Amino acid sequence: METAIRYSLKDLVIYFLKLGTWGFGGPVALVGYMQRDLVEHKKWLTEEEYKEGLALSQLAPGPLAAQLGIYIGFVHYRILGATLVGLAFVLPSFIMVVLLGMAYKLYSGLPWMQAVFYGVGAAVIGIISMSAYKLTIKSISKLNAEAIKTNWILWLFYIIGIVVTVVTQREEVLLFILTGIVYMLVKAPPLWIRKQSVIPSILLAGIGFWEYTSDNLIKIGLFFAKAGTFVFGSGLAIVPFLHAGVVQQYRWLTEAQFVDSVAVAMITPGPVVITVGFIGYLVAGFPGAGVAALATFLPCFLFTIILAPSFKKIAKNKSIKAFVDGITASVIGALVGSVIIIATRSIIDIPTALIAIIAVFALIYVKKIQEPHVIFAAAVLGVIIKSV
């Protein structure tokens, strides 16, 4: 029986506009916020609908958080909902990175940003660690002996997801599919397993505002469409792909500029992949930013609205539910693996370690504090520490 709709499309669009404006912490934190706000607090979605969206978002290519948002928009409001939610989620951070791109071109670099990122990067680790923990106990089981014993296969998939992600430094979609199939065969083997597939095939002057060439825009469009089509998972997964293209292949940016672009993505809210807007701006002004962002997010939008109807129908089947549970376990493990990788790059000394720990304790014990408050405090601390 389908759940009664507890919200209007306007409510959902406003929520994602706010999440895109204040949602710091990257994909792990963002998918955690969606689970906390839309499933636990507002109860707009059921746990099953959320888990189906998370599984689909990992199976199909494209940035995880944006894809899950698009799926959530699609659940009750179909293509219009998916379109408006996707735009609302991405637009705030796109505007921010374009403004930062203007500042970057105007001042020939952002030396202050490194000091800000020094503190912000550490606080982000604390925030996403909390989100990863909450996702783990919600999606796998609680941390007690009986629950772990009952769900030991899911915990095994979870640990494998962590290890594989840390070792390979990328999310392995084949691992997600394999764990889903194995868990389905163990828990609810379907009679028709050999007859049909489990899921459909996966298929301005001085600031460079209008500096572009048609040739560049075409190259930007093709390259970022490729990035959006063939890169799975979080912003972490897309960074090596972007580096190979914009620095090594096309030489659009220097190494230093590329590092700055990643820093911009980490200190702005919304999906980490929005760094493509900053890169596009540096290469070809505002038109470049627009083309890069559109080309990156369009494939994941199309994959979601094409796959979601069939995925939602077959997900009612017990075998498919087991398939989704198996995938979810390794997906959450992979997200935790991403946290570990990011932590090794952001926690570089005692001050950053302390900032991360303080962020965690602040979120646990200071009830009224929100993630943006932690980010702002960490940015100030970073500037102070680097200035001393």
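The values are calculated or read from the model by the stated rules, or taken from the named source; none is laboratory data. Predicted model only: the values in this text are computed from it and were never measured. What goes into the accessible areas is simple: the full protein's heavy atoms, side chains included, and nothing from ligands, DNA or RNA. Shrake-Rupley method; radii C 1.70, N 1.55, O 1.52, S 1.80 Å.
The listed residues 266, 113, once ranked by accessible area (1.4 Å probe) with the largest placed first, stand as 266, 113. Hey, which of these cross-link pairs are over 18 Å Cα-Cα: 51/318; 142/321; 43/368; 51/321; 10/51; 142/318? Result: 142/321; 43/368; 10/51; 142/318 exceed 18 Å.
Solvent-accessible area of residue 15, all protein chains in place: 20 Å² (probe radius 1.4 Å, heavy atoms, ligands and nucleic acids excluded). Can you bin region 44-96 into rounded, prolate or oblate? Criterion: square roots of the alpha carbon gyration tensor eigenvalues sorted a ≥ b ≥ c, rounded for a/c under 1.5, prolate for a/b above b/c, oblate for the rest. Verdict is oblate for region 44-96. The accessible area of residue 48, taken with all protein chains in place and a 1.4 Å probe, comes to roughly 90 Å².
Given only helices, namely DSSP H runs of n ≥ 4 each adding -39500 (n - 2.57), what is the per-residue ellipticity at 222 nm of the chain, to the nearest 500 deg cm²/dmol? Please list the in-between numbers first.
Numbers: 15 runs with 288 residues, N = 388.
Estimated from H runs of four or more residues: -25500 deg cm²/dmol.
Protein-only accessible surface at a 1.4 angstrom probe places the residues 96, 34 in the order 96, 34, largest first.
Out of the total accessible area of the chain (probe 1.4 Å, heavy atoms of protein only), what percent is carbon and sulfur?
Working: 11730 of 17280 Å².
With neighbouring chains kept in place, the figure for the chain is 68 percent.
The accessible area of residue 187, taken with all protein chains in place and a 1.4 Å probe, comes to roughly 110 Å².
The residues of the chain present an accessible area of 45 Å² per residue when probed at 1.4 Å with all protein chains retained.
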